[in-house]
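K.L.:
First the structure, which I've put down as structure tokens, then a few questions once you've had a look.
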Amino acid sequence: MERVSSTMKQVSNPLPKVLSRRAGGGGLEAERESFERAQTVSINKAINAQEVAVKEKHARTCILGTHHEKGAQTFWSVVNRLPLSGNAVLCWKFCHVFHKLLRDGHSNVLKDSMRYKNELSDMSRMWGHLSEGYGQLCSIYLKLLRTKMEFHTKNPRFPGNLQMSDRQLDEAGENDVNNFFQLTVEMFDYLECELNLFQTVFSSLDMSRSVSVTAAGQCRLAPLIQVILDCSHLYDYTVKLLFKLHSCLPAETLQGHRDRFLEQFRKLKDLFYRSSNLQYFKRLIQIPQLPESPPNFLRASALSEHISPVVVIPAEASSPDSEPITDLVEMDAASQSLFDNKFDDIFGSSFSCDPFNFDSQNGMSKDDKDRLIEKLYGEITALKEELENFKAESSRGAVQLRGRVSELEAELAEQQHLKQQAQDESEFLRAELEELKKQREDTEKAQRSLTEIERRAQANEQRYSKLKEKYSELVQNHADLLRKNAEVTKQITVARQAQGDVEREKKELEDSFQRVSEQAQRKSQEQAEVLETLKRELAASRQELQVLQGTLESSTQAGAEQNTQIASLEQERDRLSQAAEQHRDEMAALQTELRQLRDTLSRKQESSRTELEMLQAQLRDKESTEWALQQRLAKEQLSLLQGTVLEAKRMVQDALARMEDPAHISCTGSADCLLSQTLAASECTERLRDAHSKYLSDGAAVGSLLPCLALFAHLVSNTLLQGSATSHVAPVEPADRLLELCKRCGSEAVSYLSALQDPGTVASADCTLVTACLGQISAIGEELHPRGLDVKQEELGDLVDKEMAATATAIETASARIEEMLSKARAGDTGVKLEVNERILGSCTGLMQAIHVLVLASKDLQREIVESGRGAASPKEFYAKNSRWTEGLISASKAVGWGATVMVDAADLVVQGKGTFEELMVCSREIAASTAQLVAASKVKADKDSANLCKLQQASRGVNQATASVVASTKAGKSQVEEKDSMDFSSMTLTQIKRQEMDSQVRVLELENQLQKERQKLGELRKKHYELAGEAEGWEEDGAASSTRAELPATPRGQDEGANHTCIY
């Protein structure tokens, strides 16, 4: 085929123009008929019911026929008469020939075939019902052909054989990354259809035998040649497009593309390998082998390593039963007749007698052929010279590259020497770098955790958007089904109205029939009465005649006077006879009329019976239509219910799966949110139970059940996720019980939805267990509810004022006690001790005064915040509205008052000589940290330009200075006391000093061990402190760091921790 097409390209006039050049107007019709006859014969020979491969010569004739008529009208006109739906082998061979036409036929074949796309789809669905033989093969092949038609329709730049250059591939995407993205997806779909056909054909063959040498096996394997040709191009273009996409888009966006490509790469590699081992393909096609590993799209330079797979079809034969084609250029006169005979066999008799008209019409003689051959030889020689030059240049380039490699090796040796020196120098710096590495590792861990949190948040947003899309789609489907339900109800109403009209007409006909029957009965009765009357008169006349005859016999002897009477009597008799005759005529007429009336009545009864049967038939049709509509409505309602239940199950199962997802461990939640979600889920469960009961009593009430199902699944899923998140910050035992209850609640919800989905168990479905699980979850949520929130909201305002007043009172009391202790020290102490006590108590007094000033400034700022933020509400309502901020103020005030009391107690013990200076320093720093918490709680809602805020900040700086003064005076006093108690080593011997030195070293080690233990104890105390503070503030660990979740926690972690660190170190 390729040699014929190459010869046609060398000829000045192509084949369609040669075939269209005919002499005479009358000969065109004959040639057209001859062409159609030849095409019909070839198509019928190619597409037949014999289980053998399609002969290449018949398929080639069909392809040339499409080029001749520039379309596929003749092909489809012949194919439409074939019983493709009745014979699977016939349909399989049709798919093979049609695939060849789409690849190698005229470009208009696709346009002429698009009108039959729906017929191909229907035929594919029909054959898909067969699971044996060629049924599934035909179904999958027809799907592939439809996919190929749709692909080339959407992408008209791609030819049927998919052969394109890289420049044409870039033009097909119009240099737009969106087009390349969509084009890659379409190629994946196309290649997947090809691979499905590949795998189905191989799975239908018995590979334990040599099926490729049998006629039945070759019939199934022959179309795979076209599939291999398509797959090689699609794989090549997919690789190039993926490299192009990775150069423009991030790798995460293309993860799905890479996964899909890897799957198709493994399948295609396996199928190519299995095909190359079959004897049938070895004679017809050279199948390329894909690389061992797929391309690495994350490395742009890997594109240069990609080698496009090339499928080679040997030129000597294209199928086992096709005859070799003699070279049309080098054909001499001796072999011309043999070629003509073979040409007749291949293309039909209508193309015989020089069909291409190479010698006469194109004017090409043998000299022209020789010149053409010489020209081709010259081009081949030039190409060989160019190839030699290219090889020489490549060898020179290789020499230069070897020299460059030597230079680089020398540079590498020098660099290794420098590297050794650098390593020697780096040994000195490693000790200093260890601390920096640790700090950097901590920073990197924090950054990684932040990145992981952001990634999880993004994934959650994507999941939420997908769930939202699914929910919108479900709502849309629900609305469509409701509209359909309304239409069906309307149709039922119309049918019922028609049924009522039919019943009314039936009743009217019955009434009319009754009236006609009654009239006929009355007429028959009247006629019977008249007949009886006439009979009675006739009998009376006869009796009178007998009496008269007797009288006549008796009076014969009477004489002549009686003759007159007899004559009159005879006349009377004649008159009566005439009357009787008239009565008989009238009776006959009445009988005739009666028969006519009976005939008319019978006809009317027959017509009425016919009309009644027709009406009854119409009524039965209406009833059957109504029943069918009701059944259809019930089925649609059931399918809608099952679809909604399935989506609800998926939502609950997705929530259960997310509970097991490691990414969900970092999610935390509060008991308040859990209680609100549980309450909403319980209420929705009750509504769902009521809707279920209504549905069981009335099947048409499915409209009220569907929204409840969707809301039930949504709320239960949220409850499960919120319960799991709350268990992450709860104590161990309640967390385990809460997590177990959430899983059991999800399982019970899935079981309940499964029962609703099955029509057999929908009546016995019960959500009592789900309600019980939700109640137990709510009970655990009540246990985990923060105790700090037990105060009523309306009492928060009073509690703030009380705590602030108590703090001021505690500070004043502490100042009075310090003054009292200072007076006692001056009265009872002397010398260095008095000086130390005066300095310490004086600095404590200054600290108390600074704290008092800060508390007053904080109250003024708090009053300003309440007045500016409450609006028309009262201060108590403002405190209740901002409960978290109010609780922070209360906690800070308590901490300041407690710190002042503890510091006074520590100072008292130091003055009495029972306490330590370190305890006093820790207490002073602790009260400084508490005042810092009060400042932070006050300024969180303050205006940055407020004058009271400036006063508060100045007071805070005064507290810091006073704290530093207390620490400094305490350290100075400690130094004076230690100098006073210094040891005298002047009288000690060398052995004693050595002994004392060893004791000191032992003491140092003991103190260091105690210091390490105390630090660990301090860490555990802080951890427990944070847990208790978290319980009091709603299980929020990071409340101080997150300005979006809470305004201020009771104990700012950063400040408290910093203060405590200052105390220890």
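The values are calculated or read from the model by the stated rules, or taken from the named source; none is laboratory data. Quantities reported herein were computed from a predicted structural model and do not represent experimental measurements. Every residue, glycine among them, receives a Cβ derived from its backbone with ideal geometry; neighbour counts consider all protein chains shown. Calculation scope for accessible area: heavy atoms of the full protein, side chains included, ligands and nucleic acids excluded. Shrake-Rupley method; radii C 1.70, N 1.55, O 1.52, S 1.80 Å.
K.L.:
Output the number of the condition that ALA700 fails; it satisfies all remaining conditions of (1) touching a residue at least 40 places away in the same chain (Cβ under 8 Å); (2) surrounded by fewer than 21 Cβ atoms within 10 Å (Cβ to Cβ); (3) within 29 Å of the chain's Cα centre (by Cα); (4) farther than 21 Å from GLN776 by Cα.
P.N.:
So the condition that ALA700 fails would be (3).
K.L.:
Let me ask something else. Which one is nearest to HIS664 (Cα to Cα) among residues in region 425-449 that are open to solvent by 100 Å² or more (accessible area, probe 1.4 Å) and among the basic types (Lys, Arg)?
P.N.:
Result: ARG448.
K.L.:
Where in region 223-314 are there helices (runs of 4 or more DSSP H), lying fully within it, with 3 or more residues that are aliphatic (A, V, I, L, M)?
P.N.:
Fully inside region 223-314 and qualifying: 224-246, 255-276.
K.L.:
Looking for something more than 22 Å from ARG260 (Cα to Cα), among the aromatic types (Phe, Trp, Tyr) and surrounded by fewer than 18 Cβ atoms within 10 Å (Cβ to Cβ) - is there at least one such residue anywhere in region 111-125?
P.N.:
Yes, region 111-125 contains a residue that is more than 22 Å from ARG260 (Cα to Cα), among the aromatic types (Phe, Trp, Tyr) and surrounded by fewer than 18 Cβ atoms within 10 Å (Cβ to Cβ).
K.L.:
Only residues that are open to solvent by less than 20 Å² (accessible area, probe 1.4 Å) and over 14 Å from MET848 (Cα atoms): list them for region 937-966, please.
P.N.:
ALA937, SER938, SER946, LEU949, LEU952 - these are the residues of region 937-966 that are open to solvent by less than 20 Å² (accessible area, probe 1.4 Å) and over 14 Å from MET848 (Cα atoms).
K.L.:
Take PHE94 and tell me if it is of a type in the set (Phe, Trp, Tyr) and under 27 Å from SER204 (Cβ atoms).
P.N.:
yes
K.L.:
Is it the case that region 478-491 has a residue that's within 30 Å of LEU709 (Cα to Cα), surrounded by 11 or more Cβ atoms within 10 Å (Cβ to Cβ), in contact (Cβ under 8 Å) with a residue 60 or more places away in the chain and in contact with a Pro (Cβ under 9 Å, 6 or more places away or on another chain)?
P.N.:
Yes, because at least one residue in region 478-491 is within 30 Å of LEU709 (Cα to Cα), surrounded by 11 or more Cβ atoms within 10 Å (Cβ to Cβ), in contact (Cβ under 8 Å) with a residue 60 or more places away in the chain and in contact with a Pro (Cβ under 9 Å, 6 or more places away or on another chain).
K.L.:
Could you pull out the residue among LEU640, LEU619 that is more than 30 Å from GLU469 (Cβ to Cβ) and either surrounded by 13 or more Cβ atoms within 10 Å (Cβ to Cβ) or free of Cβ contacts under 8 Å to residues at least 60 places away in the same chain (or both)?
P.N.:
Only one candidate qualifies: LEU619.
K.L.:
Would you check if GLU452 is surrounded by 10 or more Cβ atoms within 10 Å (Cβ to Cβ) and part of a helix (DSSP H, G or I)?
P.N.:
It is true that GLU452 is surrounded by 10 or more Cβ atoms within 10 Å (Cβ to Cβ) and part of a helix (DSSP H, G or I).
K.L.:
Could you look through region 161-198, keep only residues that are farther than 14 Å from LEU242 by Cβ, assigned to a helix (DSSP H, G or I) and among the polar types (S, T, N, Q), and pick out the one that is nearest to the chain's Cα centre (by Cα)?
P.N.:
Looking at residues that are farther than 14 Å from LEU242 by Cβ, assigned to a helix (DSSP H, G or I) and among the polar types (S, T, N, Q), I get ASN178.
K.L.:
Right, another one. Of all residues in region 643-683, how many are under 26 Å from the mean Cα position of the chain (by Cα), assigned to a helix (DSSP H, G or I) and either surrounded by fewer than 17 Cβ atoms within 10 Å (Cβ to Cβ) or not hydroxyl-bearing (Ser, Thr, Tyr) (or both)?
P.N.:
22
K.L.:
Can I ask one more? Any idea how many residues of region 307-324 are at pLDDT 80 or above and surrounded by 13 or more Cβ atoms within 10 Å (Cβ to Cβ)?
P.N.:
3
K.L.:
Which ones in region 126-146 are open to solvent by 50 Å² or more (accessible area, probe 1.4 Å) and either assigned to a helix (DSSP H, G or I) or modelled with pLDDT of 90 or more (or both)?
P.N.:
The answer is MET126, GLN136, LYS143, ARG146.
K.L.:
Among the residues of region 113-125, are any under 30 Å from LEU241 (Cα atoms), touching a residue at least 60 places away in the same chain (Cβ under 8 Å) and either among the basic types (Lys, Arg) or out of contact with any Gly (no Cβ under 7 Å at 6 or more places or on another chain) (or both)?
P.N.:
Among the residues of region 113-125, not one is under 30 Å from LEU241 (Cα atoms), touching a residue at least 60 places away in the same chain (Cβ under 8 Å) and either among the basic types (Lys, Arg) or out of contact with any Gly (no Cβ under 7 Å at 6 or more places or on another chain) (or both), which makes the answer no.
K.L.:
Limited to region 68-89, what total is found for residues that are assigned to a loop (DSSP other than H, G, I, E, B), touching a residue at least 40 places away in the same chain (Cβ under 8 Å) and of a type in the set (Gly, Ala, Ser)?
P.N.:
Counting residues in region 68-89 that are assigned to a loop (DSSP other than H, G, I, E, B), touching a residue at least 40 places away in the same chain (Cβ under 8 Å) and of a type in the set (Gly, Ala, Ser) gives 3.
K.L.:
Under 6 Å between Cβ atoms, which residue pairs at least 6 apart in sequence (or on different chains) link something in region 262-276 that is in contact (Cβ under 8 Å) with a residue 12 or more places away in the chain and of a type in the set (Gly, Ala, Ser) with a partner that is open to solvent by less than 10 Å² (accessible area, probe 1.4 Å) and assigned to a helix (DSSP H, G or I)?
P.N.:
Pairs that qualify, where the first residue is in contact (Cβ under 8 Å) with a residue 12 or more places away in the chain and of a type in the set (Gly, Ala, Ser) and the partner is open to solvent by less than 10 Å² (accessible area, probe 1.4 Å) and assigned to a helix (DSSP H, G or I), are SER275/PHE281.
Per-residue answers, yes or no, for (1) part of a helix (DSSP H, G or I); (2) out of contact with any Gly (no Cβ under 9 Å at 6 or more places or on another chain):
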| residue | (1), (2) |
| --- | --- |
| THR66 | yes, no |
| VAL97 | yes, yes |
| LEU102 | yes, no |
| HIS106 | no, no |
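K.L.:
So, one more: Within the set of pairs 6 or more residues apart or between chains, which connect a residue that is of a type in the set (Gly, Ala, Ser) inside region 280-302 to a residue that is assigned to a loop (DSSP other than H, G, I, E, B) and surrounded by 16 or more Cβ atoms within 10 Å (Cβ to Cβ) with Cβ atoms less than 8 Å apart?
P.N.:
ALA302/PRO295
K.L.:
Does GLN279 meet the test of being open to solvent by 40 Å² or more (accessible area, probe 1.4 Å) and within 25 Å of the chain's Cα centre (by Cα)?
P.N.:
no
K.L.:
Being under 28 Å from LEU284 (Cα atoms), in contact with a Pro (Cβ under 6 Å, 6 or more places away or on another chain) and open to solvent by less than 10 Å² (accessible area, probe 1.4 Å), is that true of even one residue in region 221-233?
P.N.:
yes
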